[in-house]
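This report concerns only the one structure given below.
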Amino acid sequence: EDLANELMTYDKFGDQITKNRFVKNIVEALPPAVEAATPTEKAKLIYAFLANNLEWDGSYGYVCGNTINKVFDEKRGSGVDLNMMLIALLRHFNIDAYPVLLSTRNHGKVQPLYPFLNQFNHVIAVAVIDEKATFLDLSASDHPMGMLGTASLNKNGLLILNE
């Protein structure tokens, strides 16, 4: 809980998904169909839009290197940058979405008894739609929504539920 609270107050993590000012220009670029879609359709449209318009730079991390606005303008970002943008957009459209910290396979296993920050090196998203959790990762955008890339399949993660 302490780790989650600390991250959510950090400008390179929590602010990126809780401050609406960061998504305004991104929302304007989304297809108009997003507004009238069902929650499942909204999530699919947003995921597809970001996957088709942004490039993953090949890096991981647990804090954003840039604001999600800057990443959107540059059309390129780290895994955490892209996934935090996805979370922010889903939240903007009233879809429950949260960051999940994890360790990629090359980084090692997470010790679940006491989560300390240096165990993690990647952030994915989880969206709760129609009471079903769906994991999302734009660093594996060649996979369909709900299917994580191999690097992210490493057993444990830390769900950050704090608002």
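Here are the numbers:
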quantity: Test: Asp57 is under 22 Å from Asn121 (Cα atoms), of a type in the set (Asp, Glu) and open to solvent by less than 40 Å² (accessible area, probe 1.4 Å); calculated: no
quantity: Selection from region 83-115 of residues that are over 13 Å from Phe135 (Cβ atoms) and among the hydroxyl-bearing types (Ser, Thr, Tyr); calculated: Ser103, Thr104, Tyr114
quantity: Answer from Ser141, Ser152 - the residue that is under 14 Å from the mean Cα position of the chain (by Cα) and over 19 Å from His107 (Cα atoms); calculated: Ser141
quantity: From Val80, Val100, Val71, residue being in contact with a His (Cβ under 8 Å, 6 or more places away or on another chain), crowded, with 16+ Cβ neighbours inside 10 Å and of a type in the set (A, V, I, L, M); calculated: Val80
quantity: Residue list for region 61-76, filter: more than 17 Å from Lys19 (Cα to Cα) and within 12 Å of the chain's Cα centre (by Cα); calculated: Gly61, Tyr62
quantity: Count - residues of region 1-48 that are surrounded by 15 or more Cβ atoms within 10 Å (Cβ to Cβ), modelled with pLDDT of 90 or more and assigned to a helix (DSSP H, G or I); calculated: 11
quantity: Tally of residues being open to solvent by 40 Å² or more (accessible area, probe 1.4 Å) and touching a helix residue (DSSP H, G or I) at 6+ places or on another chain (Cβ under 7 Å) across region 118-160; calculated: 3
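Residue by residue, here is whether (1) more than 20 Å from Phe13 (Cα to Cα); (2) among the hydroxyl-bearing types (Ser, Thr, Tyr); (3) more than 17 Å from the chain's Cα centre (by Cα) holds:
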{"site": "Ile95", "(1), (2), (3)": "no, no, no"}
{"site": "Thr104", "(1), (2), (3)": "no, yes, no"}
{"site": "Phe120", "(1), (2), (3)": "no, no, no"}
{"site": "Glu131", "(1), (2), (3)": "yes, no, yes"}
{"site": "Phe135", "(1), (2), (3)": "no, no, no"}
{"site": "Met147", "(1), (2), (3)": "yes, no, no"}
{"site": "Asn162", "(1), (2), (3)": "no, no, no"}
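The values are calculated or read from the model by the stated rules, or taken from the named source; none is laboratory data. None of these values were measured; they are calculated from a predicted model. Virtual Cβ from ideal backbone geometry, glycine too; neighbours counted across all protein chains shown. Note: accessible area is taken over every heavy atom of the protein model, side chains too, but ligands, DNA and RNA are not part of it. Shrake-Rupley method; radii C 1.70, N 1.55, O 1.52, S 1.80 Å.
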